[in-house]
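Read the structure below first, then the notes.
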Amino acid sequence: MGKFSGFYRLSPEERLRLVKQERSLTGDETKVLTDSGALEMGKADRAIENVIGAVHLPLGIATNFVINGKETLVPMAVEEPSVVAAASRAAKQTLPDGFKAEADESIMIGQVQITGIEDINTSLKNLEVNKKEVLNKASEYMKHVEQYGCGARDFGAKAVQTDRGAMIIVNFHINVGNAQGANMVNTTLEGVSPILEQLTEGKAKLRIVSNLASERKAKASAVWKKELVGKAAIEGVLDAHEFAKRDIYRCSTHNKGIMNGIDAVAVATGNDWRSVEAGAHTFAAMGRYQPLTHYYKNENGDLVGEIELPLAVATVGPAISSSPTAGTSLKIMDVGSSQELAMVMASVGLANNFAALSALGTVGIQKGHMKLHARNIAAYAGARTNQEIDRVAEILTEEKNFNVERAKEVLERVREE
Ligand code: MEV
């Protein structure tokens, strides 16, 4: 961890050199991070349709994360300033203990909708009595991944009364190992549907994974000591947390700040961040829409923060292998399973939330934001060296004027000086 203190002060090249050294990255593994053409047209064209190019995002490393005692470098791909810095700062304030995290087994829920059933009760009974046969049939579609611990574990069926008549919904629990699992689940559901139709004498309609991965959650917690963060920050976080608990408008933004960090890791590791988002917000809304984090003071007056949310993320699979950078990100993070990855993501979400609430509850976030904004404006106005960018940004901040035209004038003055 010591090697990474002051990481933010290094140039991008120096940072990359350090990470390369620390994680024994190969030349090719680092090249994909800096080579803007790393995603070849051919590969992109195979990934989606009607391809005309690729877009790029900055990739940063959040430092200071110690998760279950392990020092972890966290790659984050995000366009928003401050997210990486906020995560790193909040993580630093948890040291030396860091984060404690855990994750469920990789159980996804897959749903089959059965319509046109004459006798709902008999159908439900038939499904229950023939459970073993149904699960054996489902497992046939997962033989090739059985060696990775994957398989259909269980299912539950329920009757639902709808405006279009009664239906049966069958929810399968399927272990998908280190994959995200959507494809595996959907294939299994389509495969098992004929036997469900026979047993219910109905018609299987939707056969699809649920993004509410409520059986695949990750948790993380950390303690922010009052000596380190100050009492004002702790009170600020607690007040902010209460606000989010009581007000859905605030709660939306509270959870957005959490997802800033989680999505950035999802994108960096080639994961489906839309499914992560869907799962997180639906989970938050089970009951009444609530914050994904919780805070309280322990007996010493220190702040304990906790997070729990579904995280259906993968360390293997087609999306990961078609992303040129995901492999390198996973190697930098040094995670060996989707559970480990989920634990890192939960810790980062908690860190970003603590950072946002402790700033909002005390000095506000605009000062930090505007500092970065001013640097961007300076660069946009033509400032080239770090020295020029810093000086122009400093003057714009003093003047509280972030106009590009003004930045150009200031740059000229700085150059004359
Ligand atoms: C901005 O992207 C995220 C925050 O608005 C989160 C929050 O308000 O808690 C700062």
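The values are calculated or read from the model by the stated rules, or taken from the named source; none is laboratory data. Remember, predicted model here, so these are calculated numbers, not experimental data. Reconstructed Cβ throughout: ideal geometry from the backbone, glycine too, with neighbour counts over all protein chains shown. Note: accessible area is taken over every heavy atom of the protein model, side chains too, but ligands, DNA and RNA are not part of it. Shrake-Rupley method; radii C 1.70, N 1.55, O 1.52, S 1.80 Å.
The table for this structure:
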| quantity | calculated |
| --- | --- |
| Net length gained if the chain between GLU409 and GLU227 were fully extended (0.36 nm per residue, minus Cα distance) | 61.1 nm |
| Helical contribution to [θ] at 222 nm, DSSP H n ≥ 4, -39,500 (n - 2.57), averaged over the chain, rounded to 500 | -15500 deg cm²/dmol |
| Over the chain, relative contact order from alpha-carbon pairs under 8 Å, at least 6 apart, % | 19 percent |
| Of LYS43/LYS219; LYS231/LYS256; LYS203/LYS245, those spanning more than 31 Å from alpha-carbon to alpha-carbon | LYS43/LYS219; LYS203/LYS245 |
| Dipole magnitude of the chain, debye to nearest 20 (Cβ charges: Lys/Arg +1, Asp/Glu -1, about Cα centre) | 380 debye |
| Cβ crowding within 10 Å averaged over residues, with 396-405, 369-378 ranked highest first | 369-378, 396-405 |
| Alpha-carbon centroid distance for the pair the stretch 386-417 / the stretch 1-31, whole angstrom | 30 Å |
| Inter-label distance, nm, simple model (7 Å from Cα along the C-beta direction), ASP239/GLN366 | 1.7 nm |
| The chain, accessible area per residue, ligands and nucleic acids excluded (1.4 Å, Å²) | 51 Å² |
| Angle between the chain longest axis and helix 248-268 axis [Cα atoms, degrees, rounded to 10] | 90 degrees |
| Apportionment of accessible area to carbon and sulfur, the stretch 367-416, percent (1.4 Å) | 48 percent |
| 0 to 90° range, to nearest 10: angle between helix 404-416 axis and the chain longest Cα axis | 40 degrees |
| Potential lengthening between THR385 and VAL160 on full extension [0.36 nm per residue; Cα-Cα distance subtracted] | 74.5 nm |
| Rg(Cα) / (2.2 N^0.38 Å) computed for the stretch 240-393, rounded to two decimals | 1.23 |
| Debye log10 I(q)/I(0) at q = 0.08, 0.09 Å⁻¹ for the chain, Cα point scatterers | -0.53, -0.66 |
| Separation between Cα centres of the stretch 293-332 and the stretch 115-173, rounded to whole Å | 31 Å |
| Nearest 10 degrees, 0 to 90: helix 231-246 Cα axis against the chain principal axis | 40 degrees |
| Whether the stretch 367-416 is rounded, prolate or oblate, judged on the alpha carbon gyration tensor where a/c under 1.5 counts as rounded | prolate |
| Label-to-label distance, nm, for residues given as ALA54 and VAL304 (7 Å Cα→Cβ offset) | 4.5 nm |
| Cβ-Cβ FRET estimate between TYR8 and GLN147, R0 fixed at 35 Å, reported to 0.05 | 0.20 |
| For peptides 3-10, 216-223, 182-189, 248-255, sequence by mean Cβ density within 10 Å, most packed first | 216-223, 182-189, 248-255, 3-10 |
| Most mobile listed residue (GLN113, GLN290, GLN147) in the chain, GNM with C-alpha springs under 10 Å | GLN147 |
| Percent carbon-and-sulfur accessible area, the stretch 107-209, ignoring ligands, DNA and RNA, probe 1.4 Å | 46 percent |
| Simple label model, 7 Å out from Cα along Cβ direction - ASN186 to ARG46, nm | 1.9 nm |
